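Engineer: For reference, the structure I am asking about is given below.
The values are calculated or read from the model by the stated rules, or taken from the named source; none is laboratory data. These numbers were taken from a predicted model, which means no experiment stands behind them. Cβ placement follows ideal geometry from the backbone for every residue including glycine, while neighbour counts extend to all protein chains displayed. These accessible areas exclude ligands, DNA and RNA; they are computed on the full protein's heavy atoms, side chains included. Shrake-Rupley method; radii C 1.70, N 1.55, O 1.52, S 1.80 Å.
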Amino acid sequence: MKMWDGRFSKALNSRVNDFNSSISFDCRMYREDITGSIAHATMLGRCGIIEQSEAELICKTLKEILSDIENNRLEFDFEAEDIHMFIESVLTERIGDTGKRLHTSRSRNDQVALDIRMYLKREIAEIKALIIRLEEVLCDIASKHTESVMPGYTHLQRAQPVTLGHYLMAYAQMFARDIVRLNEIYAHTNILPLGSCALAGTTYPIDRHFVAEQLGFDTVTENSMDGVSDRDFAIELASALSIIMMHLSRFSEEIILWCSGEFAFVELDDAYSTGSSIMPQKKNPDIPELVRGKTGRVYGDLTTLLTLMKGIPLAYNKDMQEDKEAIFDAIDNTKICLELFASMLQTANFKTDKMRAASAYGFINATDCADYLVKKGMPFRSAYKIIGRLVAYCIDNNKSLDTLTIEEYKQFSDVFESDVYEAIDLINCVNERRCYGGPAPESVLRQISNLREFLKNA
Ligand code: ARG
């Protein structure tokens with residue numbers, strides 16, 4: 001029998017029951033549901049809406065139900081419509097009429113809105129912790145590689161010299177912005193909807209601010225119709241998770257390329273790579289490939305939520321039950337990707353010799369060579385032209401800028417002196433890029449210490 005069977009004369013068709021039921025996926029919010037109910041019952045007792053003794057019995061029994069679920073003494077009934085109905089029916093089974101008073105001045109509409117907000121608050125904190133760990137891994141590796149020269153690319157063509165430390169700290173900046181975004185979304189989520197009831201509030205003298213305080217919410221929602229039908233916070237979270245995944249996916253793409261024989265900039269630890277069932281020589285970067293793949297899936301979850309919400313009139317509509325699987329999926333997948341990606345990086349072997357060797361080709365010091373002439377007084381555009389011709393000469397004669405003789409240099413401009421070799425030395429090229437945000441070792445060390453400072457208060 002259903003909670004609402006008073007109005008009905010027939011049992012629900014069993015296929016409809018399965019179709020309607022959400023307990024198979026919303027059961028993961030049992031803790032939030034019970035904790036929310038305890039705060040609600042406490043408030044009802046305090047405000048004299050139910051007897052104090054009844055409130056106490058309800059709270060005590062709810063705590064027992066929670067511990068029974070956590071200790072596998074109580075199993076979810078997947079015939080129940082949802083987690084809210086399930087908990088309430090167990091409560092009523094255990095304490096009879098008193099249990100039936102819990103739902104006074106409450107609807108599942110504000111109850112589910114509360115549960116999701118509580119659940120997401122917890123998850124946001126966990127996701128943040130995973131990003132902080134990834135950031136620490138990046139800082140640790142970067143601090144060991146402030147002098148490991150490698151090519152920086154544009155258009156995937158070797159462009160200018162940077163260091164592995166600088167490269168990794170670029171990703172660290174992306175993840176730092178992700179933390180800022182999560183903090184903002186946490187604040188938007190941390191507003192109590194309970195007390196909105198079905199949509200129009202209640203005639204009972206409830207104290208919403210007391211419930212907010214009990215449950216650690218900053219404040220309460222301003223409008224009861226908005227309170228039950230707002231899912232912006234879930235959409236914002238799915239969007240922040242999509243951006244995190246986009247960052248991880250870009251990073252994955254680099255790792256996949258770097259694992260290739262053509263780059264060979266990194267070797268993943270055996271524990272974090274896989275073999276082939278047919279090709280005995282293979283070692284495949286499955287983790288970054290799956291991260292890249294799952295990024296599409298998380299974008300899909302965001303699209304599900306946006307599309308779900310785009311046409312629903314005020315206030316609650318059953319469509320909104322579809323929000324949970326999408327946001328849960330986005331959370332679960334982002335978390336596992338963050339965790340494994342950090343461990344994969346931590347154990348990876350970066351081949352700095354290969355990076356250094358790759359830097360010797362591709363004329364990545366050509367800009368520095370032009371700057372050398374500029375520092376001797378030549379306008380940049382004129383210097384740019386000369387170096388362009390010099391590079392073409394090198395290509396024709398199979399040389400690089402550092403293997404040209406000074407006589408060859410002088411054929412292109414008599415401004416060249418023997419100090420040009422120092423100016424185009426790759427280590428010097430990196431060391432001289434001391435501008436704020438640049439790849440010079442001291443600049444990267446500053447990036448690392450600023451980020452570590454940020455993480456302390458994140
Ligand atoms: N299982 C529902 C959901 O997830 C709970 C709210 C149901 N409210 C209702 N009026 N049917 O959205």
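Engineer: Amide H neighbours of Thr274 under 5 Å, counting only residues 5+ apart in sequence or on other chains, H built in-plane at 1.01 Å?
Structural biologist: When sequence neighbours closer than 5 places are left aside, the close amide H contacts are Asn284, Asp286.
Engineer: Going by alpha carbons, how many degrees (0 to 90, nearest 10) lie between the helix axis of 232-259 and the longest principal axis of the chain?
Structural biologist: Taking Cα atoms only, the helix is inclined about 30 degrees.
Engineer: Related question: How far is helix 83-95 tilted off the main Cα axis of the chain, in degrees rounded to 10, range 0 to 90?
Structural biologist: 40
Engineer: Using the Cβ atoms and a cut-off under 10 Å, what net charge is assigned to the surroundings of Phe217, where Lys and Arg are +1 and Asp and Glu are -1?
Structural biologist: Neighbour charge sum, excluding Phe217 itself: +1.
Engineer: If you don't mind, there's one more thing I want to ask. If R0 is 22 Å, what FRET efficiency do you get for Glu147 and Ser400 from their C-beta distance, rounded to 0.05?
Structural biologist: Taking R0 as 22 Å, the efficiency between Glu147 and Ser400 is 0.55.
Engineer: Continuing with this model, one more query. What's the carbon and sulfur percent of the chain's accessible surface, probe 1.4 angstrom, rounded to a whole number? List each step's numbers first, then the result.
Structural biologist: On the way: 11220 of 22040 Å².
Within the chain, the accessible surface is 51 percent carbon and sulfur.
Engineer: Contour minus end-to-end for Asn428 and Lys310, with contour as 0.36 nm per residue of separation and end-to-end as the Cα-Cα distance?
Structural biologist: 36.9 nm
Engineer: For an R0 of 51 angstrom, estimate the FRET efficiency from the Cβ-Cβ distance between Ser14 and Gln281 and round to the nearest 0.05.
Structural biologist: 0.40
Engineer: Setting aside same-chain residues fewer than 8 positions from Lys375, which lysines have a Cα under 20 Å from its Cα?
Structural biologist: Lys385, Lys410
Engineer: Amide H of Arg231 versus every other amide H placed in the peptide plane: which residues, excluding those fewer than 5 positions away on the same chain, fall under 5 Å?
Structural biologist: Result for Arg231 returns nothing.
Engineer: Same structure, new question: Helix 108-144 sits at what angle to the longest principal axis of the chain, using alpha carbons and giving 0 to 90 degrees rounded to 10?
Structural biologist: The helix 108-144 is inclined about 20 degrees to the chain.
Engineer: For the chain, what does the helix formula give at 222 nm: sum of -39500 (n - 2.57) over DSSP H segments with n ≥ 4, over the residue count, nearest 500 deg cm²/dmol?
Structural biologist: Result for the chain: -20000 deg cm²/dmol, rounded to the nearest 500.
Engineer: Can you give me the C-alpha center-to-center distance between segment 334-385 and segment 1-46, rounded to a whole angstrom?
Structural biologist: Distance between centres, Cα-based: 58 Å.
Engineer: Provide the gained length on full extension for the span Glu64 to Glu79, in nm with one decimal, where the gain is 0.36 nm per separating residue minus the Cα-Cα distance.
Structural biologist: 3.2 nm
Engineer: I need the phi-derived Karplus couplings for segment 402-407: 6.51 cos²θ - 1.76 cosθ + 1.60, θ = phi - 60°, integer Hz, Gly and Pro marked x.
Structural biologist: Karplus values, whole Hz, x for Gly and Pro: 7, 9, 6, 7, 5, 5.
Engineer: May I pose another question? Summing +1 for each Lys or Arg and -1 for each Asp or Glu, what net charge is found among the other residues whose Cβ lies under 15 Å from the Cβ of Leu62?
Structural biologist: Values: positive: Arg31, Lys60, Lys63, Arg73, Arg94, Lys100, Arg101, Arg106; negative: Glu32, Asp33, Glu54, Glu56, Glu64, Asp68, Glu70, Glu88, Glu93, Asp115.
Residues near Leu62 contribute -2 overall.
Engineer: Once amide H atoms are placed 1.01 Å from N in the peptide plane, what residues at a sequence separation of 5 or more from Thr163, or on another chain, have their amide H within under 5 Å of its amide H?
Structural biologist: Under 5 Å from the amide H of Thr163: Met150.
Engineer: Mind checking the per residue accessible area of the chain for me, 1.4 Å probe, whole number of Å²? Write down the numbers at each step before the final one.
Structural biologist: Numbers: 22040 Å² over 458 residues.
Spelled out: the 1.4 Å probe surface of the chain, per residue, equals 48 Å².
Engineer: Something else about it: If you place +1 on the Cβ of every Lys and Arg and -1 on the Cβ of every Asp and Glu, how big does the dipole about the Cα centre of the chain come out, in debye to the nearest 20? Each step should come with its number before you reach the end.
Structural biologist: Values: 51 positive and 68 negative charges, 133 e Å.
Here the size comes out at about 640 debye.
Engineer: Please give the solvent-accessible surface of Thr403 in Å², to the nearest 10, using a probe radius of 1.4 Å with every protein chain present.
Structural biologist: 80
Engineer: Over segment 234-390, what is the relative contact order in percent, taking alpha-carbon pairs closer than 8 angstrom and at least six residues apart?
Structural biologist: Working: 148 pairs, mean separation 42.5, N = 157.
Once divided by the residue count of segment 234-390, the mean separation gives 27 percent.
Engineer: Tell me, what HN-Hα J-couplings in whole Hz come from the Karplus equation 6.51 cos²θ - 1.76 cosθ + 1.60 at θ = phi - 60° for each residue of segment 176-193, using x for Gly and Pro?
Structural biologist: Karplus values, whole Hz, x for Gly and Pro: 5, 5, 4, 5, 4, 4, 5, 4, 5, 5, 4, 4, 5, 7, 7, 10, 7, x.
Engineer: What list of ³J(HN,Hα) values in whole Hz, one per residue of segment 161-172 in order, does the Karplus curve 6.51 cos²θ - 1.76 cosθ + 1.60 (θ = phi - 60°) give from phi, with Gly and Pro shown as x?
Structural biologist: Going residue by residue, I get x, 10, 10, 4, x, 5, 4, 5, 5, 5, 5, 4 Hz, with x marking Gly and Pro.
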